[in-house]
Amino acid sequence: MVKYCLNCGAGNSEDALWCRSCNSKLVDNHQINREISGEDHRRQILEQQGTYKSYGHYENKTIKIFTISFLIIIIFVGVFVYFSVIKGSDFNWISCQFNEDFWFEEDKIITDNGWIVTMDRIQDYRLEGIVLAFNTYNRGDSPYDPCNIFCPIDLFIGVDDVMANPDNYDYSIRSFYNRKVCWYMTYDNVDDYYYFKSHCGNNHLIPHNEDVLNMMQNISLNDIVLIEGGLVNLYGERGDETFYRPTDTHIGNYACEAILVDTLIIK
């Protein structure tokens, strides 16, 4: 049986008393609590010298770095897919259900979670324009807005020359979130800037029937849409909670129109 030196790990004959490599005194095999292999013995020596611990430290550090890098890549890919495939797609699914999540009773919208929303119809309304941008909203979106239950989509629409010649206007959408659209335009030509500003607007669509809600599922960027219905002010109550959402009466200049939509046509 080979006798290993506890100092340097060298193998010696069973009857050797001193290590042939480092001249350290050898310990008899029976004095060792358990018989260990050469590899285990070398590990024990490395641990006594601190070398093995250092190696394990760097090994663990490498594993941690690899794991963190892998997770970062996964998160990056997930964010990329979300914004490029879901948020960047022509449509992000509308989840509300007509006559389940909300329904109409005369001049009121009733929601399944207790909101009673009175609609004050200001005037009949007809709008034809090009969809420059849009966003969908669902009831669970943050921050919470009860209008998300029955008003699931906003359309940023351009009219007149903006509809006929959208490429003439160098605009970009900065964000479309929380029922607001923020856009930017390079306005070397100030007249073009003010024309664009006064001929586009954010429109909050409330489907008045199931056909309109289903048609909303088909909206894409650059579609020409025809919307007919009425402009409404909204006043909601649920217990001690209230909200008020007024509508503007004309498109343009950052105004927002709340439209109860009776007919929606995509051309």
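The numbers here are math on the coordinates, done by the rules we state, and not lab data. Because the structure is predicted, anything quoted here is derived from the model rather than measured. Ideal geometry is used to build each Cβ from the backbone, glycine not excepted, and the neighbour counts take in all protein chains shown.
For region 102-266, the relative contact order comes to 28 percent (Cα pairs under 8 Å, sequence separation of at least 6).
Relative intensity of region 146-228 on a log10 scale, I(q)/I(0) at q = 0.13, 0.17, 0.19 Å⁻¹, equals -0.48, -0.77, -0.92, per a Debye sum over C-alpha point scatterers of equal strength in the absence of solvent. Alpha-carbon geometry of region 102-266: the Rg and the Dmax are 16.0, 52 Å, given in that order.
FRET efficiency for the Glu210 to Ile73 pair, using the beta carbon distance and R₀ = 51 Å, is estimated at 0.70.
The length gained on full extension between Ser142 and Gln97, counted as 0.36 nm times the residue separation minus their Cα-Cα distance, comes to 14.3 nm.
Remark: the Lys25-Val190 segment gains 50.0 nm on full extension, using 0.36 nm per residue and subtracting the alpha carbon distance.
Modelled spin-label separation between Asn218 and Cys182, with each label point placed 7 Å from Cα along the Cα-to-Cβ direction: 3.5 nm.
So, counting K/R as plus one and D/E as minus one, what does the shell of residues with Cβ under 11 Å around Arg139 add up to?
Values: positive: none; negative: Asp101, Asp112, Asp141, Asp145.
Net of charged neighbours comes to -4.
Which value, in debye to the nearest 20, describes the size of the charge dipole of region 155-267 about its Cα centre when Lys and Arg Cβ atoms bear +1, Asp and Glu Cβ atoms bear -1, and nothing else is charged? Please report the intermediate quantities before stating the final value.
Values: 7 positive and 17 negative charges, 65 e Å.
Dipole magnitude for region 155-267 comes out near 320 debye.
Got a sec? How would Ile227, Ile73, Ile157, Ile94 order by Cβ neighbour count within 10 Å, fewest to most?
Ile73, Ile94, Ile227, Ile157
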